[in-house]
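The values are calculated or read from the model by the stated rules, or taken from the named source; none is laboratory data. Note that the structure is a prediction, hence the values are computed from the model and not measured. We place every Cβ from the backbone using ideal geometry, glycine too, and count neighbours over all the protein chains shown. Heavy atoms of the whole protein, side chains included, go into the accessibility calculation; ligands, DNA and RNA do not. Shrake-Rupley method; radii C 1.70, N 1.55, O 1.52, S 1.80 Å.
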Amino acid sequence: MVPSMVRSTIDFGIDLGTTNSEIAFVDKGQVNVIRNGFRDEITPSAVRIDRKGSIIVGKLAFNQRVDDKDNTHTQFKRLMGSQQILNFPTSGRQMKPEELSAEVLKSLRQDVLRETGEEITASVITVPALFEIPQCDATRRAAEMAGITCSPLLQEPIAAALSYGFQADSLDGFLFVYDLGGGTFDASLIRTVEGRLRVIDHAGDNFLGGKDFDERLLDYLVRKLQREAGLRALDPSTDRKAFAKLLAEAENGKIQLSNSASAYISITDLGRGLEDFEASFELTRSEYETLIEPFVRKTVEICQRLLDANHLSKTAVSRVILVGGPTLTPLVRSAVESGLGIKPEFKVDPMTIVARGAALFAASQRTPQVQSPRPAKGTLRLKLAYSPVSQDTETDVAGKVEETVDLAHARVEISRADGGW
Ligand code: ADP
Ligand code: MG
């Protein structure tokens, strides 16, 4: 293993999401998202404990969420800071929401170790604007359990704004962040207050997201198959395989429809007595849009209420930023545009934008002071003060020599180990 590099700034940022989590870092001024063992930038926030008591995190756990529902937990971020205990009956284990979050963080930390050889102990972690002290404390404890002993928290909408390069001194008016995730919707208003970007108000729905789109489409598929392909009535408790397959197919279809006007749905072997079942058809985007339109309309109404509550007209909003996987849906984009009267920004990938912004923020945060050893004879110790990140081509660096020596003819040259500047 490569020894851990000594960093003067934190550089790593984590989006510990309700549905998915990501980790990004800044290297030579560039933001990189770290891939997991599947080469994915996105890791489902899902934990399963099998019969033997092994803990499975991420995609493998997510894929078992219907088949092995009882031993697989997702969406536990909603319970952070509560006293709720989650059971894994087959293994007999019980875990707190923060312990499950710690498993997700451990898996991200493991990905960093594999990809960069670094064993990180510091990372910025993002939290929703609505998180209060108990939820933030639970998030810090999760980080601690995962070996991340330094974990400054940053609000998700602020991270999104940083990803677009918005800074406190350059922001005019209000930024609107529209974040539609897998199971939650958050709308935030940001502006510069006393030289800092601040979330001045937020609104949302804790039970509205991409998951609802999947379930609505699942319902539709079942009814269509019953009407047109002779599928028998399904029972959620005994036809788990059928539901698991149809739900996965619904999510795939939904994702296809973000990029094309129709999706090919193909279904085979639905388990118990339905092993020979087979059906396929085209699902059109307009058919799908009719299904999700009520959910989308609800999000736009929440945005309008947030503006009204702050006595703001649409023209006060200078930019709208889209965050979250479901904002890749064309209907969502057009509804936000017509609802807020402004074309939303979607240049930065909405699924990694929060982790990217967290990493940018992390690059401006110093790591806890490492005590430097006493200098060897013949060397001097310099104390420097400078801003870790800057967009300027010239920046001031103040320095002080710690030993008492005559510096009358001294010249100081600062160079960066990697040749950058
Ligand atoms: P969270 O903030 O809850 O962790 P994400 O931002 O990761 O959520 O979004 C997850 C949701 O995005 C899931 O419901 C997933 O199905 C959906 N999703 C992912 N890609 C797309 C896409 N291309 N089109 C529509 N929805 C998508
Ligand atoms: Mg999110």
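Any chance you could count how many residues in segment 216-274 are over 32 Å from the mean Cα position of the chain (by Cα), assigned to a helix (DSSP H, G or I) and of a type in the set (A, V, I, L, M)?
Going through segment 216-274 one residue at a time, the tally reaches 1.
Matching residues to (1) away from ligand 2 (no atom under 16 Å from the Cβ); (2) under 24 Å from GLU337 (Cα atoms); (3) in contact with a strand residue (DSSP E or B) (Cβ under 7 Å, 6 or more places away or on another chain):
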position	(1), (2), (3)
ALA122	yes, no, yes
ALA146	yes, no, no
LEU162	no, yes, no
LEU180	no, yes, no
GLU194	yes, no, no
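If you check every pair at least six apart or on different chains, which have Cβ atoms under 7 Å apart with a residue in segment 329-346 that is farther than 19 Å from GLY209 by Cβ and open to solvent by 60 Å² or more (accessible area, probe 1.4 Å) first and a residue that is part of a loop (DSSP other than H, G, I, E, B) and not acidic (Asp, Glu) second?
GLU337/LYS343; GLU337/PRO344
Residues checked against (1) in contact with a helix residue (DSSP H, G or I) (Cβ under 7 Å, 6 or more places away or on another chain); (2) touching a residue at least 24 places away in the same chain (Cβ under 8 Å):
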residue: ARG109; (1), (2): no, yes
residue: GLU115; (1), (2): no, yes
residue: GLU118; (1), (2): yes, yes
residue: VAL124; (1), (2): yes, yes
residue: PHE131; (1), (2): no, yes
residue: GLN135; (1), (2): no, yes
residue: ARG140; (1), (2): no, no
residue: GLY147; (1), (2): yes, yes
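One line per residue, one yes/no per condition, for (1) more than 19 Å from the chain's Cα centre (by Cα); (2) open to solvent by 70 Å² or more (accessible area, probe 1.4 Å):
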{"site": "GLY165", "(1), (2)": "no, no"}
{"site": "ASP172", "(1), (2)": "yes, yes"}
{"site": "VAL177", "(1), (2)": "no, no"}
{"site": "ASP186", "(1), (2)": "no, no"}
{"site": "ARG191", "(1), (2)": "yes, yes"}
{"site": "LEU197", "(1), (2)": "yes, no"}
{"site": "ALA203", "(1), (2)": "no, no"}
{"site": "ASN206", "(1), (2)": "no, yes"}
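So, VAL31, is that one closer than 14 Å to LEU100 by Cα, crowded, with 19+ Cβ neighbours inside 10 Å, modelled with pLDDT of 95 or more and more than 16 Å from ligand 2 (Cβ to nearest atom) or not? Give the derivation first.
Working: closer than 14 Å to LEU100 by Cα: no; crowded, with 19+ Cβ neighbours inside 10 Å: yes; modelled with pLDDT of 95 or more: yes; more than 16 Å from ligand 2 (Cβ to nearest atom): yes.
No, not satisfied.
Those residues that are hydrophobic (A, V, I, L, M, F, W, C) and open to solvent by less than 50 Å² (accessible area, probe 1.4 Å), I need them from segment 347-360; list them, please.
Residues satisfying the conditions are VAL348, ILE353, VAL354, ALA355, ALA358, ALA359.
Would you point out the residue of segment 308-333, among those that are within 25 Å of the chain's Cα centre (by Cα) and either aromatic (Phe, Trp, Tyr) or away from ligand 1 (no atom under 14 Å from the Cβ) (or both), that is modelled with the lowest pLDDT?
Here the answer is SER318.
Within segment 54-69, restricting attention to residues that are surrounded by fewer than 20 Cβ atoms within 10 Å (Cβ to Cβ) and over 23 Å from LEU208 (Cα atoms), which residue is farthest from ligand 1 (Cβ to nearest atom)?
SER54
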